[in-house]
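S.K.: Handing you this structure, nothing more for now.
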């Protein structure tokens, strides 16, 4: 299978690419184009910077959404929502309804570390992941209009960990850094793409 890791000038391009290759993907890093089973939006940087990059590519994204699966990781997940407040209010892609804002907790931010994953939906994609530990590095989270398909907790507050809709999936955690649970995720992702 072929994966395109979208290069928008920020992001953990090397680590996500390496994880995909370890799981049998042929990987290219570049701009949007056809011919891939999966388009990955990586996850380091600021919402406003990525929003600016994507604003001129919205028509291409909508077109590709009809024939490609998408995976958004961390920031790449967040820009799938309607808008975000990091770096000033900026528009997202709007494939998930809701906003992205600071994680409201009385704890240190950024939130860095391992948290347990609580799975509620996306059964094919998240099988064998319930109660597994996943790795986070973030200060902002999504506030979706519907319940997430998985969540984690930090400082007594729950936040969305995974959202799935059609051929689009987003993870707030970094599967490429999530050890055993991350490997299960990529195995599930491969099977999900072949369905």
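S.K.: Among 3, 49, which is the only one that is more than 17 Å from residue 177 (Cα to Cα) and either in a loop (DSSP other than H, G, I, E, B) or in contact with a strand residue (DSSP E or B) (Cβ under 7 Å, 6 or more places away or on another chain) (or both)?
M.R.: So the residue among 3, 49 that is more than 17 Å from residue 177 (Cα to Cα) and either in a loop (DSSP other than H, G, I, E, B) or in contact with a strand residue (DSSP E or B) (Cβ under 7 Å, 6 or more places away or on another chain) (or both) is 3.
S.K.: Now for a separate question. Under 6 Å by Cβ, and 6 or more places apart or on different chains, what pairs join a residue from the stretch 65-89 that is on the phi > 0 side of the Ramachandran plot with one that is in a helix (DSSP H, G or I) and surrounded by fewer than 18 Cβ atoms within 10 Å (Cβ to Cβ)?
M.R.: What qualifies is 87/48; 88/48.
S.K.: Within the stretch 6-45, work out how many residues are in a loop (DSSP other than H, G, I, E, B), at pLDDT 85 or above and within 16 Å of residue 76 (Cα to Cα).
M.R.: 4
S.K.: Could I ask something else about it? Exactly one condition in (1) touching a strand residue (DSSP E or B) at 6+ places or on another chain (Cβ under 9 Å); (2) surrounded by fewer than 18 Cβ atoms within 10 Å (Cβ to Cβ); (3) not in a helix (DSSP H, G or I) is false for residue 67; which is it?
M.R.: With respect to (1) touching a strand residue (DSSP E or B) at 6+ places or on another chain (Cβ under 9 Å); (2) surrounded by fewer than 18 Cβ atoms within 10 Å (Cβ to Cβ); (3) not in a helix (DSSP H, G or I), residue 67 is out only on (1).
S.K.: Kindly provide the set of residues from the stretch 37-56 that are buried (at least 22 other Cβ atoms within 10 Å of the Cβ) and more than 17 Å from the chain's Cα centre (by Cα), ordered by number.
M.R.: None - no residue of the stretch 37-56 is buried (at least 22 other Cβ atoms within 10 Å of the Cβ) and more than 17 Å from the chain's Cα centre (by Cα), so the list stays empty.
S.K.: Can you tell which of 128, 115, 33, 86 is under 19 Å from residue 171 (Cβ atoms) and surrounded by fewer than 14 Cβ atoms within 10 Å (Cβ to Cβ)?
M.R.: 128
S.K.: Under the condition of being within 22 Å of residue 195 (Cα to Cα) and in contact (Cβ under 8 Å) with a residue 60 or more places away in the chain, which residue from the stretch 134-165 is surrounded by the most Cβ atoms within 10 Å (Cβ to Cβ)?
M.R.: The residue in question is 163.
The values are calculated or read from the model by the stated rules, or taken from the named source; none is laboratory data. As the structure is a computational prediction, the values presented were derived from the model and not from experiment. Cβ coordinates were reconstructed from backbone atoms using ideal geometry, including for glycine residues, and neighbour counts include every protein chain displayed.
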